[in-house]
């Protein structure tokens, strides 16, 4: 089992004819992911070819869904048009929309988030690396890779990883795999101040997933999403959890790459979040090199096997 | 992106938000003509720099106060001469301070009472929030901490915009009545329109004032915009003042690199914002101090790596460099070639520690080894950080 996506999930790619979207659609196909459709308005009827793969392109998400039964979308369209692309996926009734695009205006996301209220579709991102459920083939191929994460670093297993940052997620996954510890699903929720799915949403899914035995929670300065997740974990989660917060050295008021990574007040500093983690029984990784080991410590303390 | 107070006030006027009459000058010769636009009488002289805390700041020549009240226009002219071209240090500028290149003169309004008003994003609800307080002119974080009952928040539903009943609620909470209430309602509505239409990140009016004649005025104005939305606001991009920005940060943005200068002596070059932040953290964890945040992005090219090296070496405080790359999709060998070329091109003499991991890492390491460069290899982030800290110590 895994959360949100499985190796048989059918996905479509919005912006498949762009450089970025096309490159990653090919990598997903190589990984064995069921990329069944592409969407580029005005290019419907064309075919996206990669080796033996022939992926039909449609003018709209609705057309693609009708023809192929895709339930999940990956969005690679440029920032000015990305909010509209998300809403199109929501309107087509997709289960999950994964917005990879970086640089979407905050106002556009405020409107998207409001428009999604009461809808069944879940949004992951924007400005996120995507989501991977590793497969059982060589280097975890045969899994479902949506977005831009390197597939080969994964290994199927029992740890869930959730993070705002792409490369920090890869760092954690790589450490786990190097220690022969596999993952159920690895989720990037994105580095923007307004995003679709929170740390807490993902933690709840991992907690409910019987295959997930332990969780790594990676956060950053800014906002209170990590604190919210930690308090819920304290009250509800019986699985070992390790946590890391990036940005201890970030000066207040400066945006550290991610639009959401900015210290506004005393509550959203790295020190404040780490203190809450400790108070909530989360094993804190002192450095990013310590993330997998921190989870091993937490698992050992609770008598849980991760492999 | 930030703008100056005088630019923010001009923007406010466009949206029908009342501000005291003002005028600017950028040379001493222009003081007289600028002041001719204002009536004779009490005048404020305000240094225009992007940092806050101007009133309590000190100039590098010892002169105190970047914002001054003057009884006459003549006094205002003399005061302005002391500020223009001088360097102002405030709690927000850092010790180097900022050179004052524009003086803003305004009519000194008679103040009946001061209030606080701001509009920004409420991250928890993902909606705009209007924050108001009866405690104007104060540090609002302190008000929130000491007297939270004097801080009022209204969350605006983006589907409908600011509703009249919400404006009334704010007016009642602020205790305004009569002409003051009417004028404040208009100001709040227009301020919200300004926030929404310009893609502002934050509008802050501290203080908002009432006058003895029932006027409601924005006495100060601090405005910043969402960088992601600037593509649709050329009129706001035109307000950008490059004098207020770090030259290395401007250079970095030209190469699509995300760079922020810090005070330490170990430069870092990393791919990904989260990894870049935590690379700074791990340097500090092992006793060093980071000189910068630098994210070369997920798909860095050789040219970008070379540009990145030049930028970090432009900081005279840098005593060593840590390169930390997790090549997920990015080919480690491409990065390695970029490092070798960059080091040769800039003639690097400082200690360099490189930690490469991920895609095609063996070829990347071979490239570094074959280069003959005097660089040190780190196996993990912790190992690399410890090595660079030791080398610069």
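We did not get these values from a lab; they are worked out from the coordinates using the rules stated. Because the structure is predicted, anything quoted here is derived from the model rather than measured. Neighbour counts are summed over all protein chains in view; Cβ atoms, including those assigned to glycine, are modelled from backbone coordinates with ideal geometry.
Just a few scattered comments:
- Principal semi-axes in Å for the range A:152-296 [√(5λ), Cα gyration tensor, largest first]: 23, 16, 14
- Alpha-carbon centroid distance for the pair the range A:72-117 / the range A:209-251, whole angstrom: 25
- Computed on the range A:210-265, the Cα convex hull volume stands at 90 Å³ per residue.
- CD proxy at 222 nm, helix term only [per DSSP H run n ≥ 4: -39500 (n - 2.57); per residue of chain B; nearest 500]: -10500 deg cm²/dmol
- Rg and Dmax [Cα atoms of the range A:71-160; Å; Rg one decimal, Dmax integer]: 14.4, 43
- Stokes-Einstein D in µm²/s, Kirkwood radius over Cα pairs - the range A:1-55 at 4 °C with 1.567 mPa s viscosity: 111
- Semi-axis lengths (Å, descending) of the ellipsoid that matches the C-alpha gyration tensor of chain B: 48, 25, 18
- Remark: mean inter-chain Cβ contacts per residue of B:323-331 equal 5, using a 10 Å Cβ-Cβ cutoff to other protein chain atoms.
- Among beta bridges that DSSP assigns inside the protein assembly as shown, antiparallel share in %, nearest 5: 55
- Ascending count of other beta-carbon atoms within 10 Å, so fewest first, for B:357, A:228: A:228, B:357
- Using the alpha-carbon positions of the range B:290-334, Rg (one decimal) and Dmax (whole number) come out as 11.2, 33 Å.
- Relative contact order (%) - the range A:18-84, alpha-carbon pairs under 8 angstrom, separation at least six: 29
- P(r) tail for the range B:1-93: Cα pairs beyond 19 Å make up 43% of the total.
- Chain B - percent relative contact order, Cα under 8 Å, separation 6 or more: 12
- Contact order normalised by residue count of chain A, Cα under 8 Å, 6+ apart, percent: 14
- Footprinting exposure proxy for B:169, B:5 (fewest neighbouring C-beta atoms within 10 Å first): B:169, B:5
- Here the ratio of the Cα radius of gyration of the range B:237-393 to 2.2 N^0.38 Å is 0.98.
- Entry for the range B:137-208 at q = 0.11, 0.22, 0.27, 0.28 Å⁻¹: log10 I(q)/I(0) = -0.30, -1.19, -1.39, -1.39, Debye formula applied to identical alpha-carbon scatterers, no solvent contribution.
- Per residue Cα convex hull volume in Å³ - calculated over chain A: 119
- Stokes-Einstein D (µm²/s) once Rh is taken as the Kirkwood radius of the range A:1-128 over alpha-carbon pairs, at 4 °C in 1.567 mPa s: 90
- Peptide A:159-166 is shielded by partner chain Cβ atoms: per residue, an average of 2 of them sit within 10 Å of its Cβ.
- Rg then Dmax, both in Å and based on the Cα atoms of the range B:12-150: 17.1, 51.
- For chain A, the antiparallel share of DSSP beta bridges with both residues in that region comes to about 20%.
- Taking the C-alpha atoms only, the angle from helix A:270-279 to the longest principal axis of chain A is near 70 degrees.
- One Cα centroid belongs to the range A:1-22, the other to the range B:311-340; the line between them spans 31 Å.
- When both the range B:148-164 and the range B:30-75 are represented by their alpha-carbon centers, they are found 35 Å apart.
- Only helices enter the 222 nm calculation for chain A: every DSSP H run of n ≥ 4 contributes -39,500 (n - 2.57), and dividing by all residues gives -10000 deg cm²/dmol, rounded to 500.
- Protection proxy ranking of A:163-169, B:309-315 - average other beta-carbon atoms within 10 Å, highest first: A:163-169, B:309-315
- For residue B:101 and residue B:142, the difference between the fully extended length at 0.36 nm per residue and the C-alpha to C-alpha distance is 11.7 nm.
- Fewest-first ranking of A:108, B:157, using other Cβ atoms within 10 Å as the exposure measure: B:157, A:108
- The Rg/Rh ratio of the protein assembly as shown, with both radii computed over alpha carbons and Rh defined as the Kirkwood radius, is 1.00.
- The range B:350-393 shape via C-alpha gyration tensor axes, a/c threshold 1.5: oblate
- Cβ neighbours within 10 Å from other chains - mean over B:67-75: 0
- The range B:182-208 residues near the modelled residue B:237 label - backbone nitrogen below 17 Å, point 7 Å along Cα→Cβ: B:198-200
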